2 protein chains.
Amino acid sequence: VKLSQLGEFGLINLLSKEIGKSSSKVAVGIGDDAAAIKSLPAGRHGKNNKLLLITTDTLIENVHFKLKNTSFFHLGYKALAINISDIAAMGGNPTFALVTIGANKNLSVSKIEELYRGIKSLARKYKIDIVGGDTVASPKELIISITLLGEVEKDNLLKRSGAEVGDAILVTGDFGKPASEKFRIPHLPAGRQGSEFRIRLKEAQIVAKFRLATAMIDSSDGLVRSVLEICKASQVGARIWLDSVPVAKDATLDQALYGGEEYELVFTVPRSKAIALKTLIEKQSKTRVSIIGEMVSKKNAIKLVDVHGQVCDLKSGGYEHFK
Amino acid sequence: VKLSQLGEFGLINLLSKEIGKSSSKVAVGIGDDAAAIKSLPAGRHGKNNKLLLITTDTLIENVHFKLKNTSFFHLGYKALAINISDIAAMGGNPTFALVTIGANKNLSVSKIEELYRGIKSLARKYKIDIVGGDTVASPKELIISITLLGEVEKDNLLKRSGAEVGDAILVTGDFGKPASEKFRIPHLPAGRQGSEFRIRLKEAQIVAKFRLATAMIDSSDGLVRSVLEICKASQVGARIWLDSVPVAKDATLDQALYGGEEYELVFTVPRSKAIALKTLIEKQSKTRVSIIGEMVSKKNAIKLVDVHGQVCDLKSGGYEHFK
């Protein structure tokens, strides 16, 4: 069945059924003008000590993905995963999602259902309610846009600003794998990537819970770019120790520094507490944490330091759209 | 300057500056992984009696608009307006917005700024904070996707469901103008439509405040389609009295019934209170309200009744994507 046969209202009906039951916090779900959600509960002392988080990310065919390299299931999975990663990077917990799909009218409905299954599999895992969205015709490219809400305790919030001179730079996992695979296996079999996608929500919540970190970001635009963003927001400089960067198997150092598309956490911690926090996270999550550098004064900018102590400049890099 | 020269990060910087200062409820605005908003305040009795509303709408070039028929200012204005209309139709008040722009890299940056000015002009008027979004490359068509949050007092919430047999059907304003203009003046001068766009937020809040209405929707997909959606959600049927439908100047009855793209309110009220509510809204808003029909039992379906009392079936209609 093609979308043109089912029509917009048919598709909304179908997807509403697929999405199924919502949690008791959802007063109005899919199918009205807007979704309505019961407000966050007041805190222990009668005051509401939580913040509402909101993020949105959009994937466009032939810009962010090619259909021949991915399955629809994986696409849906990834579209939600990158949003979860943003909520995680604030120290928060994802709660409610809106899903917008722009598709050509000749696309088969079963493909859209597969896409939704990818989204739902992850939504179920993280107890996220899909409460609405929009379905629109797209003349050519497939578009998936997700808005994700979340919540965070005020004192657990981790912004990009907040890093201070003397803080250590910590990262989860390793870097460069997506970039290296692009070169080695440009045509990954359908669905292959989905199982590989790591979401660092648990790790981020451990970081937030201990309230030792001063800033956090996810590394979607590349490791160097992520450090750069923390530096810009925090008005500091950084030294990245090249021999401490965790490079993924089969990836080069360059791919690890500039490749992007991995969704690891990059965060800063006062130097005296860095090893303690690294150990705590590794113990509670089984995820490797590496200390890869330190924050320095803004006037020293961001530099890379090699194993011989030689300082070198950045390549202008990190993934940037439009350019 | 083209987008390709400015780059994604340059554009984000530019737009962040354009958007300017946020309200004190915004803990984290544009430029972090997610926006963070202070939660809704608790109600008078220590309990939070408000609901969070969320809606999203997307406009795609050559589907929802053609660039030769519109200005970028109007496009931005409309993209936010249709979302405000959705929040209004729930009885709510808009609060925070996320704006996603997908644009070809050869598009001039000044056009994007003009688009943002359109969004901002309306955001300012309704005290909406723009707290984030996404900027992505689009291979061809321009894409504007807005997610809008709002809030509503629990007892003021108006869903599509809730209409009952015997309720009167009320509408604001008149119908058929956008459809008639498409035929009469297919190439409207740039910006012309923006000034014409009516947002019924004030009227919707009056409806909600009096707590007499049983269901409400905005008429973006056409008058008949809107009544149909209320019927489906409320499990009732309807009679629309053709001679009571407020047809816009120069529009035909058919365009008024099926044309769509006007954002009027369609709501239901117990028959005994319909005239009182109509009078209250007209007095407080200076906007015309018409009683155009009544809800009947579901088994009687939705029918049109002409001035002679003749009952006729609906055309299958209302604007539907993909078909």
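Restricting to region A:205-228, name every residue that is under 26 Å from A:THR58 (Cα atoms) and touching a Lys or Arg at 6+ places or on another chain (Cβ under 7 Å).
Kept after step one, since they are under 26 Å from A:THR58 (Cα atoms), are these residues of region A:205-228: A:205, A:215-228.
Once the filter is applied, which keeps residues that are under 26 Å from A:THR58 (Cα atoms) and touching a Lys or Arg at 6+ places or on another chain (Cβ under 7 Å), region A:205-228 yields A:ALA215, A:ILE217.
Give me the residue from region A:99-130 that is within 10 Å of chain B (Cβ to nearest Cβ) and buried (at least 23 other Cβ atoms within 10 Å of the Cβ) and, out of that set, farthest from the chain's Cα centre (by Cα).
A:ALA103
Under 6 Å between Cβ atoms, at least 6 apart or on separate chains: pull out the pairs that start in region B:147-161 with a residue that is within 17 Å of A:GLY132 (Cα to Cα) and among the small types (Gly, Ala, Ser) and end on any residue that is open to solvent by 10 Å² or more (accessible area, probe 1.4 Å) and assigned to a strand (DSSP E or B).
B:GLY150/B:ASN93; B:GLY150/B:THR95
Residues in region A:195-227 that are assigned to a helix (DSSP H, G or I) and either in contact with a strand residue (DSSP E or B) (Cβ under 6 Å, 6 or more places away or on another chain) or surrounded by 24 or more Cβ atoms within 10 Å (Cβ to Cβ) (or both): how many? Step through it out loud before you land on a result.
Step one: list which residues in region A:195-227 are assigned to a helix (DSSP H, G or I), which gives A:195-196, A:201-210, A:223-227.
Narrowing the set further to residues that are either in contact with a strand residue (DSSP E or B) (Cβ under 6 Å, 6 or more places away or on another chain) or surrounded by 24 or more Cβ atoms within 10 Å (Cβ to Cβ) (or both) leaves A:203-204, A:207-208, A:223-224, A:226-227.
The total comes to 8.
As an exercise: evaluate A:ALA276 against (1) more than 18 Å from A:ARG200 (Cα to Cα); (2) outside any helix (DSSP H, G or I) and give the number of the one condition it does not meet.
That leaves (2) as the condition not met.
Restrict the check to region A:55-65 and report whether at least one residue is open to solvent by 40 Å² or more (accessible area, probe 1.4 Å), modelled with pLDDT under 90 and more than 8 Å from every other protein chain (Cβ to nearest Cβ).
No, region A:55-65 has no match at all.
Any chance you could count how many residues in region A:145-183 are among the basic types (Lys, Arg) and assigned to a helix (DSSP H, G or I)?
The total comes to 3.
Taking region B:21-39, which residues are over 25 Å from the mean Cα position of the chain (by Cα) and more than 10 Å from every other protein chain (Cβ to nearest Cβ)?
Listed by number, the residues that qualify are B:LYS21, B:SER24.
Restricting to region A:251-284, name every residue that is among the small types (Gly, Ala, Ser), modelled with pLDDT of 95 or more and out of contact with any strand residue (DSSP E or B) (no Cβ under 6 Å at 6 or more places or on another chain).
A:SER272, A:ALA276
Of all residues in region B:169-184, which are under 16 Å from B:ARG288 (Cα atoms), open to solvent by less than 40 Å² (accessible area, probe 1.4 Å) and not hydroxyl-bearing (Ser, Thr, Tyr)?
To start, the set of residues in region B:169-184 that are under 16 Å from B:ARG288 (Cα atoms) comprises B:169-177.
From the residues that got through so far, the ones that are open to solvent by less than 40 Å² (accessible area, probe 1.4 Å) too are B:169-176.
Answer for region B:169-184, where residues must be under 16 Å from B:ARG288 (Cα atoms), open to solvent by less than 40 Å² (accessible area, probe 1.4 Å) and not hydroxyl-bearing (Ser, Thr, Tyr): B:ILE169, B:LEU170, B:VAL171, B:GLY173, B:ASP174, B:PHE175, B:GLY176.
The values are calculated or read from the model by the stated rules, or taken from the named source; none is laboratory data. All figures in this text were calculated on a predicted structure; none of them were measured in a lab. Neighbour counts run over all protein chains shown; Cβ positions are idealised from the backbone, glycine included. Surface accessibility is based on the protein's heavy atoms, side chains included, excluding ligands, DNA and RNA. Shrake-Rupley method; radii C 1.70, N 1.55, O 1.52, S 1.80 Å.
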